[in-house]
Protein chains: 2
Amino acid sequence: SVNPDLSSERQTASFSVEKLTALLDGSAEQTRIRRAVVEAIESDPVFSRENQYFQTQNERYEAAVRKAVHLQKKMREMGWTENGPEYKYIYRALSGDVAFLLHRVFMRSISVLGSDKQIAKWIPLATQHKLIGSYAQTELGHGTYLQGLETTAVFDTATQEFILNTPKISAMKWWPGDMGRSATHTVVFAQLYVHGKCYGIHPFIVQIRSLQDHSLCPGVTAGDIGPKMNFEHIDNGYLLLKNVRIPRENMLSKFCEVRPDGTYVRQGSQKINYFTMTTVRISLISDEVLTPLMKACTIAIRYSVVRRQSKLKPGEQEAKILDYQTQQEKLLPQLAAAYAFHFTNDYLQELFNRGYREIQRKNFDMLPELHALSSGFKAVITQHCTAGVDICLRACGGHGYSLLSGLPSLYTKILASCIYEGENTILLLQTARFLIKCFMAARAGQPVPPSVTYLAAVKHGKCPAKNKLDFLSPDIYTEAYQHVAVRLTSSTAAKLQDLIQSGVKKHDAWNQCTVQLVQAAKAHCHYIAVKNFAETVEKLETKAGIQKIMKHLCDLFALHGIFSNTGAFLHDGYTSAAQMDMVTASYLDLLAVIRKDAVPLVDAFDFTDKSLNSALGSYNGQVYQRLYEWAQKSPTNQMSPAYERYLKPLLHNTLSKL
Amino acid sequence: SVNPDLSSERQTASFSVEKLTALLDGSAEQTRIRRAVVEAIESDPVFSRENQYFQTQNERYEAAVRKAVHLQKKMREMGWTENGPEYKYIYRALSGDVAFLLHRVFMRSISVLGSDKQIAKWIPLATQHKLIGSYAQTELGHGTYLQGLETTAVFDTATQEFILNTPKISAMKWWPGDMGRSATHTVVFAQLYVHGKCYGIHPFIVQIRSLQDHSLCPGVTAGDIGPKMNFEHIDNGYLLLKNVRIPRENMLSKFCEVRPDGTYVRQGSQKINYFTMTTVRISLISDEVLTPLMKACTIAIRYSVVRRQSKLKPGEQEAKILDYQTQQEKLLPQLAAAYAFHFTNDYLQELFNRGYREIQRKNFDMLPELHALSSGFKAVITQHCTAGVDICLRACGGHGYSLLSGLPSLYTKILASCIYEGENTILLLQTARFLIKCFMAARAGQPVPPSVTYLAAVKHGKCPAKNKLDFLSPDIYTEAYQHVAVRLTSSTAAKLQDLIQSGVKKHDAWNQCTVQLVQAAKAHCHYIAVKNFAETVEKLETKAGIQKIMKHLCDLFALHGIFSNTGAFLHDGYTSAAQMDMVTASYLDLLAVIRKDAVPLVDAFDFTDKSLNSALGSYNGQVYQRLYEWAQKSPTNQMSPAYERYLKPLLHNTLSKL
């Protein structure tokens, strides 16, 4: 039975939930395929996550390995293949709670960086799981700055082998997933030395554990790096190498090769490497970042119409907490952001696909723009969505703090996305470097990529809005965002040039501008996200109420961004104080409008109760019953020896030594 | 041996670290006492936290009970008493990792709410631990709004007993610490019914477990609510009561009593109850909020001078990450905030002491101001410090995400402070209600409490700053903060009045202004914090470099607040865009200045390595060695059955059913 406080919210939906779900999935057919995958996974008890919040790190790892192995069987049973339409839904259906994710990265590295011969040898072994792979790049003392890696691979002409070493403790490989306990092989990134000369970082396939008994290979020390904020199911590992010898053929040699005599040969373009990073950054957005925010919104919004607290009107029943303006102001902008970034992700995917086609034609022109956009949006979206999950958690009060709400684990997991695959500040600075470069080029009349052509126009106008309704016009707010992005980029470019002209060295000048460069990069991405959302809405069908509600969300996303960052818009007077008051008024009005559709808007994300794994967010809204029943299953409700050992002697005053 | 990258930072301190520590402690004598307590606790292996990050919830609980029992012995040994000067340092020395904290709340409730007779009966029993107490207020369905509690206590004249019930699942007591597994007694808050009439919420002492064998008493169902984001060591519990009978004498009756014939008598003033909440909110700031932020700053700043990443200047060694402006911009404002709020806490303590003296003289005049300030600052400080710890965690990249950094547990623990003892948004709205009331009174020429007299003045001036150095003048920035606080309060008061005059009902109008009321309350607290910091600096001794460095931190705290919230200052033109650029310039300059003293500034917090419990933050900066050695002790580095069960059959292609 559905809690009436929740079911009443569904009866007044202004749009078709099913149609919106199909829009999010891409088509009704995709929705059907996704649901079939979810159904198959969730009906299989091996994939259950029910006990997850009670398990130790060891138990989580054990379960993830079991699931990974079972998944092979499941796929065969169901006829799912790696190239089939179901494949992309499997990971989401498992909520990522499965081992051997790095095995995929291992395979992709070989496919991208290996020669045809290497691909022919290793990929079938990996596909058949005759080995388990990992990917060993990051070191204890080195992350982002690849040139700083300290692991060495010295070529020994006599034996035709590379000798691998992690010469210092800071050179130890640290973090690679699946490496702490599972992997038999890994791709090690090391400084290549031939005849005493260093050729920089190269990838090498290294066996680390016996295929017979899983014991560590000679010269290899490896293990698990211990507890983390989340990812208990992954055996992130460390790896020490001491004179580990591997055959010459194990250096991945699509782009670089060491010939038997030690001659170093570089072939082909390495530009494709950047493309790999771009691929990873774009691909993580959907599963690792948007899904957790959508889940958090679902949980918090459903809970907020079931939870009643205090009276809004004297004499009435306690109010649903979502009826408080402050609660709306916390949750609804997160909901709008989830939709906004869903469409940003579509935009990036499309750009990426176009880039991929060009690259296959050996045209690398799109790479800088793709790199800048994927870096900037990786940072902006992970940061925004992480903050959003945090807000959802806190908005549920004490119950949000219980692991059983599902929100703490969503938060501790999404937080990692701000750190991995490029630390966010560094990524934003890469975007900023691109912006400054394009800004200079554009102002010099040179052609620049499409996403930054707007930087060419010098605009000193004022926002034309005359009343609060004008701020519901996408042209008005998109223009305002554009203006801010241009202003921040141009003012920082000017500061940079001033510093350099005043004699400050280039690198020092850059460092002194980085705080503002980060702001410029964020403003650029925010502008693109708003513009893209508005353009997407424009193209939607008007029927079934979809376009109307999406328009409201787009407006909210845009106005929330202005309301939360008024200084950027007020600074040079583009927006006046009176206009800012209009923004505030429109923004607060929108909250009340969207509040009416809040539950249908999260229902459209179409998460099952099992995938939410939350006592607060279930479809039927029976929150308190579920919390109570679930808590009783906690291992902390089994007998504890503490009573006999400590409490009884204390209470009976028989503590021997007291 | 100290890492040279860390020791070099200490050689150039511009001030005496020891003198600053004494200033933070209150005096050199206090520092001495604190260190003695820390030394006694940390040298005792029972109090060790070394394994904490590897332990399950059960093990953490077990250890906390063991420590609580051992602490009794320790205090006796050391001659520490509850009224002695050492007492307040014990909890900090234990990092709060101890059971029976609610036992204290149980005792305080009886002292404050009980009659002399009740105090005489229960306090000695509790002091001698002949019982273990808890405090059962919050219910599964009810938190902040006490009037909504559903537990009932019906007086039965025939037996002279109260009959207690939790009539619905939402009425179940939920969250009380020490109740899930330890407590024998608790103070239950319930709706009092006599002869069918409800008299509202009252406190009752209820025994829940046998003093003989710890079994649950008849009619009592209780247990542990399961895993939370932190506080694994605390057995937060649930409690169901079914016709539980307690004697009439168990209703705490200092203020209200039910006579044998059922007559309800109210006596004395209940205003003191508000004072109790004030006490708790102020007392948690130091141990639960400032200490975690100070620890996080210590860890992140020490790590940031040891970690080197990328090159700042071509051809040079990789740079310390604290030399990057973006890293300074993350960490140094948090450091400044830690100092700022330390002094705010002093201010609140002093105000509180004054209030306490007045209340003892039956003068309750200070209560509204104290309530408003303690509520507002509880919210502002917990929110600011929680965000600060989060920033410190992320600023340490991947290693910050490892539990061994100490940062994740600091974050997950401090986060709870935003929720408990009054949800922050609700608290800010209480402050706002006080502000609006005082604003109306002040504008009507009536007297208002000292902290809000500034609201009386109508100011339409402009910020007089002429260059960036002017923004290092406390008068300039304090005035700017004051201006914003007045503007936000007055404009929201005006909106409220406009709505009411236009026919909107009072409660609806209030709800429609709450987002802006929260902003006003925050601005008020921020203004007081800045003003208080500036006034504190003014009074400091100039010797040993203390005043100078504190002045820098005060400036940074103030300018960071403006830089992060430029819209509020630009809105009505009080600050011009040109002046805002000066703020930015001064702010960025300050980062480089304070960066030089960053390590001495965290050294002055005087945390021992054991209290930090962090692989990144140790005094000697041997980060990588410590991480590696510690990780090896993780239970995940023991044999896992996963290999035999799953990996071997997979690798050997003998998975029976594949």
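The values are calculated or read from the model by the stated rules, or taken from the named source; none is laboratory data. Keep in mind that this is a model prediction, so the values were computed, not measured. Cβ placement follows ideal geometry from the backbone for every residue including glycine, while neighbour counts extend to all protein chains displayed. Surface areas here come from the heavy atoms of the whole protein model, side chains and all, with no ligands, DNA or RNA. Shrake-Rupley method; radii C 1.70, N 1.55, O 1.52, S 1.80 Å.
Key figures
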{"quantity": "Tally, over segment B:318-332, of residues that are more than 7 Å from chain A (Cβ to nearest Cβ) and β-branched (Val, Ile, Thr)", "calculated": "1"}
{"quantity": "Residues being closer than 11 Å to A:GLY223 by Cβ and not in a helix (DSSP H, G or I) - total across segment B:622-639", "calculated": "3"}
{"quantity": "Selection count where residues are closer than 16 Å to A:PHE204 by Cβ and open to solvent by 50 Å² or more (accessible area, probe 1.4 Å), scope segment A:260-269", "calculated": "0"}
{"quantity": "Residue in segment B:487-521 that is most open to solvent (accessible area, probe 1.4 Å), counting only those that are more than 12 Å from chain A (Cβ to nearest Cβ) and in contact with a helix residue (DSSP H, G or I) (Cβ under 6 Å, 6 or more places away or on another chain)", "calculated": "B:ILE500"}
{"quantity": "Among the residues listed as A:THR152, A:THR138, the single one being more than 24 Å from A:ASP235 (Cα to Cα), in the same structural domain as A:HIS233 (by the TED database), in contact with a Phe, Trp or Tyr (Cβ under 7 Å, 6 or more places away or on another chain) and not aromatic (Phe, Trp, Tyr)", "calculated": "A:THR152"}
{"quantity": "Restricting segment A:618-640 to residues that are more than 12 Å from B:ASP224 (Cα to Cα) and more than 7 Å from every other protein chain (Cβ to nearest Cβ), the residue that is surrounded by the most Cβ atoms within 10 Å (Cβ to Cβ)", "calculated": "A:VAL623"}
{"quantity": "The listed residue being touching a Gly at 6+ places or on another chain (Cβ under 6 Å) and either under 26 Å from B:THR276 (Cα atoms) or away from chain A (no Cβ under 14 Å) (or both), out of B:LEU94, B:LEU20, B:LEU24, B:LEU102", "calculated": "B:LEU102"}
{"quantity": "Filtered residues of segment A:365-383 (kept if farther than 12 Å from A:THR278 by Cβ and either among the basic types (Lys, Arg) or away from chain B (no Cβ under 14 Å) (or both))", "calculated": "A:ASP365, A:VAL380, A:ILE381"}
{"quantity": "Inter-residue pairs, beta-carbon under 8 Å, first touching a residue at least 12 places away in the same chain (Cβ under 8 Å) and in segment A:472-488, second open to solvent by 30 Å² or more (accessible area, probe 1.4 Å) and small (Gly, Ala, Ser), 6+ apart", "calculated": "A:HIS483/A:GLY461; A:VAL486/A:ALA457"}
{"quantity": "Extreme residue, nearest to B:HIS560 (Cα to Cα), among residues of segment B:587-604 that are surrounded by fewer than 23 Cβ atoms within 10 Å (Cβ to Cβ) and in contact with a Lys or Arg (Cβ under 8 Å, 6 or more places away or on another chain)", "calculated": "B:ASP589"}
{"quantity": "Test: A:LYS130 is surrounded by fewer than 18 Cβ atoms within 10 Å (Cβ to Cβ) and either part of a helix (DSSP H, G or I) or more than 13 Å from chain B (Cβ to nearest Cβ) (or both)", "calculated": "no"}
{"quantity": "Flag for A:THR584 being open to solvent by less than 20 Å² (accessible area, probe 1.4 Å) and within 7 Å of chain B (Cβ to nearest Cβ)", "calculated": "no"}
{"quantity": "Index of the failed condition, A:TYR619 passing every other in (1) within 23 Å of A:THR56 (Cβ to Cβ); (2) outside any helix (DSSP H, G or I); (3) in contact with a Lys or Arg (Cβ under 9 Å, 6 or more places away or on another chain)", "calculated": "(1)"}
{"quantity": "Pairs, first more than 10 Å from chain B (Cβ to nearest Cβ) in segment A:301-317, second acidic (Asp, Glu), C-beta under 8 Å, six or more apart", "calculated": "A:VAL305/A:ASP5; A:VAL305/A:GLU9"}
{"quantity": "Qualifying residue in segment A:450-465 (condition: under 17 Å from A:LEU373 (Cβ atoms) and in contact with an Asp or Glu (Cβ under 7 Å, 6 or more places away or on another chain))", "calculated": "yes"}
{"quantity": "Total residues in segment A:387-427, condition within 25 Å of A:LEU351 (Cα to Cα) and facing another protein chain (nearest Cβ under 9 Å)", "calculated": "7"}
{"quantity": "Candidate set: segment A:464-482, residues that are charged (D, E, K, R) and more than 31 Å from the chain's Cα centre (by Cα); chosen: the one least open to solvent (accessible area, probe 1.4 Å)", "calculated": "A:ASP470"}
{"quantity": "Residue list for segment B:524-560, restricted to those being within 14 Å of chain A (Cβ to nearest Cβ) and crowded, with 24+ Cβ neighbours inside 10 Å", "calculated": "B:LEU556, B:LEU559"}
{"quantity": "Pick from segment A:401-423, criterion of a type in the set (A, V, I, L, M) and under 22 Å from A:ARG626 (Cβ atoms), ranking: surrounded by the fewest Cβ atoms within 10 Å (Cβ to Cβ)", "calculated": "A:LEU403"}
